[in-house]
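The values are calculated or read from the model by the stated rules, or taken from the named source; none is laboratory data. No experiment lies behind these values; they were computed from the predicted model shown. Backbone-built Cβ (ideal geometry, glycine too); neighbour counts: all protein chains shown.
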Amino acid sequence: MNFHAIRPGRFRELESLPPPILRKTDLPVLKGTDQPKTGKPLLILVRDNNIDQALRVLKKRMQREGIFREMKARRHFEKPSEKRVREKAEAIRRARKAAKKTAQREGLLPMPKKKVFAAKPGAPSRA
């Protein structure tokens with residue numbers, strides 16, 4: 001069904017038509033997932049008028065959703081050949097990281113050193 005400019009007096013025709021059926025293929029799909037976009041907005045609660053805390057929560061959620069990465073990627077057009085090269089390099093990086101973790105678990109490589117945080121002056125001790 002095409003939605004063209006409606007001439008006066010044709011509203012009855014449109015009201016009698018059934019609503020258009022959306023199939024899963026009609027919805028845009030998020031990159032890297034099988035799930036279509038739901039259009040559900042991020043809801044951040046502001047408690048006690050604490051805007052700073054709400055902004056931190058918003059930035060963390062946007063980071064987790066990959067919105068910042070998407071915005072950065074869409075600043076400039078990326079040629080399909082450049083995209084293939086980038087995705088291949090990312091895959092190699094992920095494979096190397098997984099192999100390194102596996103080798104550390106099996107004892108072939110030393111485990112990473114744990115970070116030791118110095119206590120802040122004036123902070124209560126945890127001993």
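Remarks
- Among the residues of the range 95-113, just one is within 29 Å of the chain's Cα centre (by Cα) and exposed (fewer than 10 other Cβ atoms within 10 Å of the Cβ), namely Pro112.
- Residue in the range 69-90 that is surrounded by 10 or more Cβ atoms within 10 Å (Cβ to Cβ), of a type outside the set (A, V, I, L, M, F, W, C) and closer than 30 Å to Leu43 by Cα present: yes
- Within the range 70-95, the set of residues being at pLDDT below 95 and of a type in the set (Gly, Ala, Ser) comprises just one member, Ala73.
- Qualifying residues in the range 36-53 (those that are within 16 Å of Ile67 (Cα to Cα) and exposed (fewer than 10 other Cβ atoms within 10 Å of the Cβ)) - the one modelled with the lowest pLDDT: Thr38
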